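Asker: Below you'll find the structure I mean.
The values are calculated or read from the model by the stated rules, or taken from the named source; none is laboratory data. Source: prediction; values computed, not measured. As a convention, Cβ positions derive from the backbone with ideal geometry for all residues, glycine included, and neighbour counts pool all protein chains shown. For accessibility, only protein heavy atoms count, side chains too; no ligands or nucleic acids. Shrake-Rupley method; radii C 1.70, N 1.55, O 1.52, S 1.80 Å.
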Amino acid sequence: MFKTVEWKNNAVVLIDQTVLPDKEVYKTYRDYKSVAEAIKKMVVRGAPAIGVTGAFGVALGALKIKTNDSKKFRKEFGVIARHIASARPTAVNLCWGVERMTKIADENCDSSVPELKKLLIEEARKIHAEDIEINKRMGKHGGALLKNNSTVLTHCNAGALATAGYGTALGVIRGAIEAGKKISVFADETRPFLQGARLTAWELKKDNIDVTLITDNMAGHIMKKGHIDAVVVGADRIASNGDTANKIGTYTVALLAKEHKIPFYVAAPLSTIDMRIQNGEQIPIEERDSKEVTHLKGKQIAPAGVKVKNPAFDVTPNKLITGIITEKGVVRRPFKAGLKALFKK
Ligand code: MRU
């Protein structure tokens with residue numbers, strides 16, 4: 001089985017998701033700036049995976065700080081944390097991971113620098129291990145919602161590649177299968193970065209899970225034909241009212257699901273829920289390079305100089321969401337109260 005992100009010999013190792021499925025290549029990063037660059041370029045992507053990688057990046061940066069003076073260390077640590085946190089804006093998990101690391105630095109400010117470095121590496125490893133456990137719990141809760149012999153549509157890649165392992169939306173599918181159900185998957189190709197075609201199809205095939213690939217514009221037709229029983233997607237940030245930012249195109253899928261009376265589930269860990277914001281309007285939407293739209297594998301497919309928009313995410317309003325699957329159970333309407341309760345338990 002592949003490893004999405006790993007801490008190995010005091011370095012961060014990532015499977016390069018920009019070249020999958022053509023090549024299975026692992027890249028080693030030995031400084032925090034190149035980890036931030038890998039997040040930006042989407043060598044690693046998916047909200048939980050960049051949260052974990054961000055934490056490892058902070059640990060790596062801290063490890064390489066040369067001073068043993070606690071005050072100077074803390075100052076350099078702040079620069080590293082801010083640099084990593086700003087690599088991508090939409091998925092709140094990145095800030096969440098960096099904040100967890102910062103908390104360790106704050107709570108142990110009286111420790112020696114070598115001791116603090118040790119604690120930071122331990123914390124990042126803990127975040128990594130916890131993510132897999134959380135996904136498995138989510139898989140159990142979400143898997144129970146899927147009926148035997150059902151077909152699930154998913155968008156983007158919210159699988160093992162988007163997390164430390166197992167996945168959120170694909171974790172729900174894995175959870176149902178592990179509970180003995182027969183589940184088939186339809187994967188949207190997910191233009192322009194093709195996470196569905198390149199990554200979801202790859203990891204499901206590797207796991208022998210039945211997957212059928214469609215282009216994004218086929219989803220309505222497939223639903224109308226009665227082929228889809230449920231939609232399960234991941235999330236990059238969920239506002240306190242349940243509005244959900246996920247990969248561009250998710251909103252369209254949610255509207256289609258509503259029209260065809262198909263349940264639309266979002267699977268995400270608590271680290272994706274941003275209780276600091278009231279609604280989806282407050283979620284920053286990343287705009288990426290126009291070349292992702294005008295080029296395919298480096299080859300230009302649109303006229304030179306054409307105007308392009310490339311928002312990487314959209315926001316699905318809470319009214320289109322049937323349930324939010326978390327590691328603490330499934331939250332249904334009213335989302336505001338349900339999500340708040342999750343943080344009290
Ligand atoms: O731009 P990406 O590939 O990082 O976007 C990923 C998604 O939108 C995923 O659906 C989301 O992060 C959930 S991953 C478990």
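Asker: Kindly establish whether Lys225 is open to solvent by 80 Å² or more (accessible area, probe 1.4 Å) and at pLDDT below 95.
Answerer: Against the criterion (open to solvent by 80 Å² or more (accessible area, probe 1.4 Å) and at pLDDT below 95), Lys225 does not qualify.
Asker: Kindly establish whether Val5 is among the hydrophobic types (A, V, I, L, M, F, W, C) and within 14 Å of the ligand (Cβ to nearest atom). I'd like the intermediate steps shown before the answer.
Answerer: Details: among the hydrophobic types (A, V, I, L, M, F, W, C): yes; within 14 Å of the ligand (Cβ to nearest atom): yes.
Taking the combined requirement at face value, the residue satisfies it.
Asker: May I pose another question? For the stretch 169-207: of the residues being away from the ligand (no atom under 15 Å from the Cβ) and touching a residue at least 40 places away in the same chain (Cβ under 8 Å), which is nearest to Phe313 (Cα to Cα)?
Answerer: Going through the stretch 169-207, the residues away from the ligand (no atom under 15 Å from the Cβ) turn out to be 176-184, 186, 205-207.
Next, only the ones that are touching a residue at least 40 places away in the same chain (Cβ under 8 Å) stay: 186, 206.
Numbers: Phe186: 20, Lys206: 27 Å.
Going through the qualifying residues, I end up with Phe186.
Asker: For the stretch 139-160, name all the residues that are open to solvent by 50 Å² or more (accessible area, probe 1.4 Å) and under 26 Å from Thr4 (Cα atoms).
Answerer: Scanning the stretch 139-160 gives Lys140, His141.
Asker: Taking Thr190 as the residue in question, decide whether it is modelled with pLDDT of 95 or more and on the phi > 0 side of the Ramachandran plot.
Answerer: Yes; evaluated as a whole, the condition is true for this residue.
Asker: Any idea which of (1) in a loop (DSSP other than H, G, I, E, B); (2) open to solvent by less than 30 Å² (accessible area, probe 1.4 Å); (3) of a type in the set (A, V, I, L, M, F, W, C) is the one Phe193 doesn't satisfy?
Answerer: The number of the failed condition is (2).
Asker: Looking only at the stretch 265-285, decide whether some residue is over 30 Å from Lys140 (Cβ atoms), away from the ligand (no atom under 14 Å from the Cβ) and free of Cβ contacts under 8 Å to residues at least 24 places away in the same chain.
Answerer: no
Asker: Got a sec? Which strands (runs of 3 or more DSSP E) wholly within the stretch 1-99 have at least 2 residues that are open to solvent by less than 10 Å² (accessible area, probe 1.4 Å)?
Answerer: Of the strands (runs of 3 or more DSSP E) lying wholly inside the stretch 1-99, those with at least 2 residues that are open to solvent by less than 10 Å² (accessible area, probe 1.4 Å) span 11-15.
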